[in-house]
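The values are calculated or read from the model by the stated rules, or taken from the named source; none is laboratory data. None of these values were measured; they are calculated from a predicted model. Neighbour counts run over all protein chains shown; Cβ positions are idealised from the backbone, glycine included.
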Amino acid sequence: MIHRIGFLCILLFSALLLHAENASNIRVRQEGKSIIVTYDLSQKSVVRLLMASGSSESYIELKAVSGDIGKGVYSGKDRQIVWKPLDEHKKFVAKNVRFKVETQSAYEYYTQNAKIKTLVSGQLGYFVAPQLSYGAMIGQMYKGIGWYVSGRSNFQFNAPAELACDKQGYIDGERPFYTSNTSTTHYIINAGFMMDVLEKTTKNKFNTLGLYVGAGYGKRELQWETTDGLWVKYAPTSHTGFSGNIGVFGSLYGVTLNVGVSTINFKYMEIEAGIGFMF
């Protein structure tokens, strides 16, 4: 056993340097019934120790390990991993044993092991008036099913008008004189359900294709100014109450796009689109 481990140290040196990524100056030795792997780490990383033996090209992650291994190992010299083979195997008899010190950034580790996907996206709404609204969508999915909250506004918040006019501008049968000034208050807040239909088919965890649907509250009030300085609500295109939206989204390596429609009382409609990131 001692002869075999001493022989392995010579073979392992180049192999470990080849696969170590952020780890360098790697040394392997045997102390009693333990294998000691010492290395220098250039940046904070998630560290794993893997092993292959014989003619096999498949590496397995070793579990009976301690020391500078696992999540959040800080950079520095002479970091050390201790592996106890007999704690993992009743008998450890192997030839041509090869080890890998595998390092990943915290982000790489998360993207490969995360079960929860989080979406953060900027949003734009468009109505032919023309009118634009801006906002954001935030959501999470677990195993392809989740929730989201979205909100947009044109960031004009006028006081509610005390008077309302019809399509021709009449108020109780009389038509006041209007200036050319108009102002619109608009906001919409929705929450709902989202689903990724590619969850079980794609190899990359952050390639997605799905749909979302939700409901909430919205307001769109168009006001006209009279020559007397009063603001009058233009009732035909002013709506307050139920809001809803529906759309599709897709991600490629985390970069996410969505497009859909939103409504207030099924009378006012907007096209909505967004771009963001899923992580």
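Values as computed for the structure displayed
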{"read-out": "Some residue of region 150-158 being small (Gly, Ala, Ser) and either at positive phi or surrounded by fewer than 15 Cβ atoms within 10 Å (Cβ to Cβ) (or both)", "value": "no"}
{"read-out": "Scan of region 188-209 for residues that are in a strand (DSSP E or B) and either surrounded by fewer than 21 Cβ atoms within 10 Å (Cβ to Cβ) or aliphatic (A, V, I, L, M) (or both), ordered by number", "value": "188, 189, 191, 192, 193, 194, 195, 209"}
{"read-out": "Selection from region 165-192 of residues that are among the aromatic types (Phe, Trp, Tyr), under 17 Å from residue 225 (Cβ atoms) and either outside the structural domain of residue 230 (by TED's automatic domain parsing) or in contact with a Gly (Cβ under 9 Å, 6 or more places away or on another chain) (or both)", "value": "178"}
{"read-out": "Candidates 141, 137 - the one that is surrounded by 15 or more Cβ atoms within 10 Å (Cβ to Cβ) and modelled with pLDDT under 95", "value": "141"}
{"read-out": "Members of region 52-83 that are surrounded by 12 or more Cβ atoms within 10 Å (Cβ to Cβ), modelled with pLDDT of 90 or more and over 35 Å from the mean Cα position of the chain (by Cα)", "value": "82, 83"}
{"read-out": "Filtered residue count, region 217-267, keeping only those that are of a type in the set (S, T, N, Q), part of a strand (DSSP E or B) and over 20 Å from residue 148 (Cβ atoms)", "value": "3"}
{"read-out": "Residue among 12, 18 that alone is assigned by TED's automatic domain parsing to the domain that holds residue 104, under 35 Å from the mean Cα position of the chain (by Cα), at pLDDT below 75 and outside any strand (DSSP E or B)", "value": "18"}
{"read-out": "Selection from region 232-279 of residues that are in contact with a Lys or Arg (Cβ under 6 Å, 6 or more places away or on another chain) and aromatic (Phe, Trp, Tyr)", "value": "268"}
{"read-out": "Hey, residue 206 hydrophobic (A, V, I, L, M, F, W, C) and without any contact (Cβ under 8 Å) to a residue 60 or more places away in the chain or not", "value": "no"}
{"read-out": "Cross-chain or 6+ apart pairs with Cβ under 7 Å, region 154-180 first and closer than 28 Å to residue 134 by Cβ, then assigned to a loop (DSSP other than H, G, I, E, B)", "value": "179/227"}
